[in-house]
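The values are calculated or read from the model by the stated rules, or taken from the named source; none is laboratory data. The structure presented is a predicted model; accordingly, all values stated were derived computationally and were not measured. Cβ placement follows ideal geometry from the backbone for every residue including glycine, while neighbour counts extend to all protein chains displayed.
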Amino acid sequence: MKYYLIFLVLIIKLFLSNGFLFAENTQNENIKNIEIPDDIIPEKEPVVVFRDTLFYIKTHIGSITAAERAANLVRKIENLYKDNNYKSEKLKVVVEEENHYLIYNDAIVININPAEAEVHNKTQRELAFEVRQKIIDVIAKHRKETNLRSIITEIALTLLLIISTFFAIKLINKLHKILTTKIFSLKGTKIKGISIKSYSILNEKQELKIILSALRIFKYIVIILLAYLFLPILFSIFPATQGIADTLFGYIINPIKKIFSSVLNYIPNLITIIIIAFVFRYILKLLKFFSREIKSENIKIKGFYPDLAVPTFNIIRFLLIAFMAVIIFPYLPGSETPIFKGVSIFIGVIISLGSTNLIGNLVAGLVLTYMRPFQIGDRIKITDIEGNVIEKTPFVVRIRTPKNEEIAVPNSNILSANIVNYSSSALNTKVAVYLSVTFSYNTPWRQIHKLLIEAATKTPFILEDPKPYVLQTSFDDFFVEYQINAFIDEVNKIPLIYSTLRQNIQDAFNNAGIEMTSTHYLSVNEEKI
């Protein structure tokens, strides 16, 4: 049985080494890979022995063409390899007249004539000894590859590779089972689902399923990679298939080399980007420091209000970041590719198609920031909307009315409307509340003035200084119009103050026996009677 096994190994080795499977392809590949010189001539035939191209024959001798000379030389070299009594020292260079012969046991192997040496740009002696050495080397190499020791070594390496790969796959599967068990044990502790605040993105079961699927896919990727590496390593063991091994390795190594080369070439640009980002980062830090100092009034700039520090910093920061992006863009990998140009065009189209109202509100918000007509918390009135400012955004201002309604007013509407700021008025000169009432000409005006002022002084939140006063604003056909004016500093209580003032006025005139109805309305009542 042992001898049968050795015989079988020898047959496989000879089958592979003589290139019965790959000889034609490998030979053609080797021929393709030879660099053709510039001084190519019509006759140029390669001498390919055992899948190795030794040299080219470029001349003919008499009627024997270069192709025939190459074929004869290949046959003679193969015969030397098969000669059990072959000795390299018997291969000699013999000079006769103008020719140099390569002779083995008095038999001519090849004739190196002057024309052959000339087309190779060498002397006959140099070319003859070079050819002799190549023949010796190729025979020695092939004998080494096909001896019994090499066969046994190659078979042993193959078996070792197969066993190693088998156990590696078993180890991968075992590690997969261990990790799967470990992941299951984390259920309910580390694996509890993914949620943002109250919104659940993944529940516990879904998260566990995704993790296990990812682990299983990773296992298959590792096994496929291992199997792929197994093939070129296996082919590299046998000389006949080393070309295939090189090709398979190239599919992995060439992309890695390309990526590594690209990374190395990109390092100068990357350093430039880092330096630019570093400079702009510390410029922004410096500006932020000044912004904080101005806001806290440690630094004062005449005509520049502290509350403008933060929005001004945000605007400058946006402009600086945009400027930095423009500077960095040419240094980005692939910035000259069509896809980057397409993204730039897409962004331009989006901006150009954007709503004009949106842009208008943004610009209006910027203008309102520096106009400073009101601040957050101020009591304001915009057209018929009255309330407290609770938020200012680049596009809208949110106002909470006395009825606790939240109204969003576009900035462009605010910019074109009249704005009443009760808070700033109360802070500077107090705010006046006023009401108009009408009485007939028969009612004494002094008594009306007195009753209106008494009603105002009894109203909570109306200030004693300045004192309330009354104005007679018009003389109509049937009545006189009186206006009570009083001052407050609690602008958030204006609706309550007006309501209480009306109540007090009504009580004051009822107690005085004066009917709050003008003569015009009395005459209408009399006509109806």
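Things worth noting here:
- Listed by position, the strands (runs of 3 or more DSSP E) inside the range 403-493 whose residues that are within 30 Å of ASN357 (Cα to Cα) number at least 2 are 406-410, 419-421.
- Filtering the range 282-299 to residues that are loosely packed, with under 13 Cβ neighbours inside 10 Å and closer than 26 Å to THR393 by Cα leaves LYS285, LEU286, PHE289, SER296, GLU297.
- Qualifying residue in the range 180-198 (condition: out of contact with any Asp or Glu (no Cβ under 9 Å at 6 or more places or on another chain), assigned by TED's automatic domain parsing to the domain that holds TYR228, part of a helix (DSSP H, G or I) and hydrophobic (A, V, I, L, M, F, W, C)): yes
- Of the numbered criteria (1) touching a residue at least 40 places away in the same chain (Cβ under 8 Å); (2) in contact with a strand residue (DSSP E or B) (Cβ under 6 Å, 6 or more places away or on another chain); (3) surrounded by fewer than 19 Cβ atoms within 10 Å (Cβ to Cβ), the one PHE374 fails is (3).
- Those residues of the range 489-529 which are among the polar types (S, T, N, Q) and modelled with pLDDT under 90, in sequence order: ASN492, THR517, SER518, THR519, SER523, ASN525
- Lone qualifier among PHE304, PHE318 - being over 23 Å from the mean Cα position of the chain (by Cα) and either farther than 30 Å from ILE233 by Cα or modelled with pLDDT of 80 or more (or both): PHE304
- Residue pairs meeting the criteria (Cβ under 6 Å; at least 6 apart or on separate chains; first free of Cβ contacts under 8 Å to residues at least 40 places away in the same chain and surrounded by 17 or more Cβ atoms within 10 Å (Cβ to Cβ), in the range 106-135; second charged (D, E, K, R) and in a helix (DSSP H, G or I)): VAL109/LYS76
- Candidates VAL437, VAL363 - the one that is surrounded by 13 or more Cβ atoms within 10 Å (Cβ to Cβ), under 44 Å from the mean Cα position of the chain (by Cα) and not basic (Lys, Arg): VAL363
- All conditions in (1) at pLDDT 85 or above; (2) at negative phi hold for ASN404, with the sole exception of (2).
- Residue list for the range 296-331, restricted to those being of a type outside the set (Phe, Trp, Tyr), in contact (Cβ under 8 Å) with a residue 12 or more places away in the chain and within 26 Å of THR272 (Cα to Cα): ILE315, ILE316, ARG317, LEU320, ILE321, MET324, ILE327, ILE328
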